[in-house]
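Written out below as structure tokens is the structure these notes cover.
The values are calculated or read from the model by the stated rules, or taken from the named source; none is laboratory data. Owing to the predicted nature of the structure, the values given are computational and were not obtained by experimental measurement. Reconstructed Cβ throughout: ideal geometry from the backbone, glycine too, with neighbour counts over all protein chains shown.
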Amino acid sequence: MKAVYGLLIMCLFSALTAFSQRCGFDILHQKRMLSDPAYKAGIDEQQAWIRNYTRDHRNELLNAPQAALFTIPVVVHVIHTGGAVGTTYNPSDVQIQNAISYLNQVYDGTWPGTQGVGEIQINFVLATRDPACNPTSGINRINGSGLANYTAQGVNANNTTGVDEIDVKNLVRWDPYRYYNIWVVNRIDGSDGTSGSFIGGFAYFPGAPQSLDGTIMLATQMQPNRKTLPHEIGHAFSLYHPFQGASGATCPANTDCNTDGDEVCDTDPITQPVGFVCRAGNNPCTGTPYSINTESNYMNYTNCSNLFTADQKARMLAAASSVFRRGLHTSWGRSSTYPVLPFSGPSAASCTPNSSLTGTTNTIAGMMNVTVAGRNYNSATTQGDNGYVPASSCLNLIQLVPSNTYNLEMTPLAINYEQVRAWIDYDNNGLFDNATEQVFFQNDIGPPAAYTLSVNGNFTVPAWVPVNTMLRMRVVEEVSTRYGAGFAISNACYNPTYGQAEDFPVWISAAVVLPVTYRYFTVTASGKDVQIAWETGTESGSSHFSLERSADGARFTSIGQVPANGSGNGKVYRFTDPAPGAGTWFYRLRQVDIDGGYAYSSIVRVDINSVDHHGYKLMSNRVHHEIRIQFMGDPGEGPGSVRLVDLSGRILLQRSLNTRRDQLVSIDLSQLSISTGVYLLEIVNGSGRHTEKIVRE
Ligand SMILES: [Zn+2]
């Protein structure tokens with residue numbers, strides 16, 4: 001990992017109303033921000049990425065179809081004190097499963113009483129594959145009583161009388177890029193959470209060092225309706241407390257809600273509540289009444305918490321997309337199957353690239369993320385991994401099929417201009433041939449933009465590569481040759497000065513039998529919406545379904561995703577396409593399996609005849625040289641515009657409109673050199689954005 005330190009965020013919870021202790025977050029965070037330049041640099045950089053991504057992708061994140069976008073494999077390490085399973089400090093499997101189930105109900109908005117945004121579109125599963133890729137329950141029990149003072153004092157947060165958290169985490173840690181680690185402990189600062197005020201747990205922001213990343217939880221709080229776990233997971237996905245930046249009775253700054261306070265715009269600036277009281281009346285930080293968005297927020301310290309807000313959701317989804325979290329969703333750690341057990345890595349390569357000391361001690365270049373065949377691999381930069389990652393982990397497996405074409409994507413650190421070259425040793429002779437085995441090369445990747453830049457290219461696995469073989473992929477990365485010709489990655493034995501090299505095991509498998517069959521796939525108009533439903537016959541190894549819509553039955557675009565619901569038979573799925581507009585539409589499913597392969601369903605057509613009016617009426621969908629729109633006032637009056645786009649998304653015409661009642665607008669097409677066929681007309685008026693299908697005849 002790059003020199004990025006996460007925020008230590010400790011959270012205090014109490015069953016008592018008399019409570020005056022502050023959360024440790026402010027103390028530790030401020031101390032490190034002031035005393036540790038590397039910490040500050042890392043925090044500033046990581047927060048900037050999350051902030052920018054949230055800003056740039058807010059609408060698409062919040063408007064994605066209502067289903068989980070990210071499924072996070074969780075491993076729960078129970079650090080007990082020698083007691084039997086089912087005792088207080090060694091909670092049973094059922095208790096832990098129930099705690100994860102509760103977490104999911106909070107994050108999918110189904111926990112009774114949920115307010116706010118509801119579905120966060122991040123859910124959690126106990127890991128199904130351990131770090132050796134063997135089946136696991138995702139629950140791992142370790143006796144921690146051998147650590148001095150652990151039994152009596154547990155883990156330190158504010159105190160120093162117990163065990164340092166690093167010593168507990170070093171007992172057992174599964175790769176934080178492949179699993180989210182939760183350590184369940186007996187006590188924090190000596191308290192087990194059964195009485196008085198206590199710290200229920202603490203977590204780190206994405207970007208924490210691998211040695212620290214994860215959540216520590218009190219065993220007594222690891223159960224349904226104890227709010228520590230959803231709160232800590234909020235921190236794990238980059239949420240601050242809503243009183244971030246407040247000091248005593250002094251309110252947080254509130255000049256720009258994107259950068260001040262908790263950096264969440266739909267939570268008002270507040271001070272920290274005292275005694276877990278949900279406040280009513282006037283909020284002195286705004287002069288307006290307190291909002292449930294802060295007072296009932298899971299990230300606040302109140303006894304009425306039952307919500308996350310929309311902007312918190314956008315921020316969590318941005319964090320889930322960050323290089324520090326994005327590998328979790330595609331991890332083998334949540335796969336039901338694994339192609340080759342027991343796993344043994346590829347045969348030896350002829351050489352191993354070694355990074356220089358310069359490269360391993362300075363944050364100058366490095367690979368942050370590699371994605372191939374549906375597997376997204378976070379990788380440390382040179383500083384964290386000493387410059388070379390061998391192909392020895394089964395969790396890094398890439399599964400490919402001969403003759404198939406794949407995309408390789410790489411995200412460099414991108415603080416400086418960089419270059420990358422990748423090979424697969426198809427003939428398995430230990431050598432990487434530039435002419436026949438190179439799968440990617442690009443020099444001068446820039447301009448500098450930490451983490452935000454990625455490059456990609458396609459490659460095709462030769463048909464002659466034998467199936468059921470383990471091969472080696474090598475990716476070598478270095479600063480650009482614009483800094484000197486000597487930095488050219490001439491071959492796979494190149495020793496990077498500032499960059500690094502990573503090897504991946506590649507399993508060549510026979511064409512995968514399609515993992516899903518369908519019992520039905522129906523598409524029906526329901527008012528202005530389209531209801532899509534399907535039932536699978538058999539299902540195994542399926543990742544998700546991508547819904548695709550077309551105006552002409554030939555060119556399809558994705559309109560959303562639905563995650564697969566595990567293996568088995570007879571799973572029923574539903575999806576609503578809200579108001580695609582009047583006319584004929586075509587739908588199909590793109591079923592994607594966990595190995596990145598995919599298959600299409602049949603295509604189903606639907607006609608939408610009547611559409612609720614949105615304050616306008618299109619005089620005809622079939623046009624020659626003129627489109628005419630009749631505006632009808634309420635609900636549609638307001639600033640308006642219209643865009644005509646073709647099916648590839650190219651904008652052909654754009655203008656603003658008068659949407660007043662009884663206004664008839666004519667749009668002249670005669671000056672546009674467009675052919676006959678199907679086009680999309682996007683109309684914006686006071687009732688929102690609407691898309692109509694236009695057929696030019
Ligand atoms: Zn907290």
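Among the residues of the range 637-672, the ones that are part of a strand (DSSP E or B) and in contact (Cβ under 8 Å) with a residue 24 or more places away in the chain come to 13 in all. Identify all residues within the range 545-558 that are more than 12 Å from residue 585 (Cα to Cα) and surrounded by 19 or more Cβ atoms within 10 Å (Cβ to Cβ); write none if there are none. 545, 547 - these are the residues of the range 545-558 that are more than 12 Å from residue 585 (Cα to Cα) and surrounded by 19 or more Cβ atoms within 10 Å (Cβ to Cβ).
Conditions (1) more than 22 Å from residue 217 (Cβ to Cβ); (2) surrounded by fewer than 16 Cβ atoms within 10 Å (Cβ to Cβ); (3) among the polar types (S, T, N, Q), marked per residue:
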{"position": "62", "(1), (2), (3)": "yes, yes, no"}
{"position": "86", "(1), (2), (3)": "no, yes, no"}
{"position": "90", "(1), (2), (3)": "no, no, yes"}
{"position": "123", "(1), (2), (3)": "no, no, yes"}
{"position": "126", "(1), (2), (3)": "no, no, no"}
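Only residues that are away from the ligand (no atom under 16 Å from the Cβ) and among the hydroxyl-bearing types (Ser, Thr, Tyr) were counted across the range 222-255, and they come to 3.
When you scan the range 83-103, do you find a residue that is part of a loop (DSSP other than H, G, I, E, B), among the hydrophobic types (A, V, I, L, M, F, W, C) and not assigned by TED's automatic domain parsing to the domain that holds residue 546, even just one? Yes, the conditions are met somewhere in the range 83-103.
Can you find a residue in the range 371-391 that is touching a residue at least 60 places away in the same chain (Cβ under 8 Å), assigned to a helix (DSSP H, G or I) and farther than 23 Å from residue 432 by Cα? Checked the range 371-391: at least one residue is touching a residue at least 60 places away in the same chain (Cβ under 8 Å), assigned to a helix (DSSP H, G or I) and farther than 23 Å from residue 432 by Cα.
The condition (being on the phi < 0 side of the Ramachandran plot and without any contact (Cβ under 8 Å) to a residue 24 or more places away in the chain) is satisfied by just one residue among 255, 220, 228: 255. Among the conditions (1) within 30 Å of residue 445 (Cβ to Cβ); (2) in contact with an Asp or Glu (Cβ under 8 Å, 6 or more places away or on another chain), residue 518 misses just one, which is (1). For the range 106-158, residues that are among the hydrophobic types (A, V, I, L, M, F, W, C) and outside any loop (DSSP other than H, G, I, E, B) total 9.
Look through 677, 640 and report the one residue that is surrounded by 18 or more Cβ atoms within 10 Å (Cβ to Cβ) and in contact with a strand residue (DSSP E or B) (Cβ under 7 Å, 6 or more places away or on another chain). Break it down into steps so the answer makes sense when it comes.
Numbers: 677 fails: surrounded by 18 or more Cβ atoms within 10 Å (Cβ to Cβ).
Only one candidate qualifies: 640.
In the range 337-348, the count of residues that are under 23 Å from the mean Cα position of the chain (by Cα) and at pLDDT below 90 is one or more. For the range 165-221: of the residues being more than 16 Å from the ligand (Cβ to nearest atom) and among the aliphatic types (A, V, I, L, M), which is surrounded by the fewest Cβ atoms within 10 Å (Cβ to Cβ)? Selected residue: 166.
The number of residues in the range 536-564 being in contact (Cβ under 8 Å) with a residue 24 or more places away in the chain and part of a loop (DSSP other than H, G, I, E, B) comes to 7.
Answer yes if at least one residue in the range 281-301 is away from the ligand (no atom under 16 Å from the Cβ), crowded, with 19+ Cβ neighbours inside 10 Å, not β-branched (Val, Ile, Thr) and not in a loop (DSSP other than H, G, I, E, B), and no otherwise.
Step one: list which residues in the range 281-301 are away from the ligand (no atom under 16 Å from the Cβ), which gives 281-293.
Now restrict to residues that are crowded, with 19+ Cβ neighbours inside 10 Å: 283, 285, 290, 293.
Of the ones still in play, those that are also not β-branched (Val, Ile, Thr) are 283, 285, 290, 293.
Narrowing further to those that are not in a loop (DSSP other than H, G, I, E, B): 283, 293.
Within the range 281-301 (the criterion being away from the ligand (no atom under 16 Å from the Cβ), crowded, with 19+ Cβ neighbours inside 10 Å, not β-branched (Val, Ile, Thr) and not in a loop (DSSP other than H, G, I, E, B)), the answer is yes, since at least one residue qualifies.
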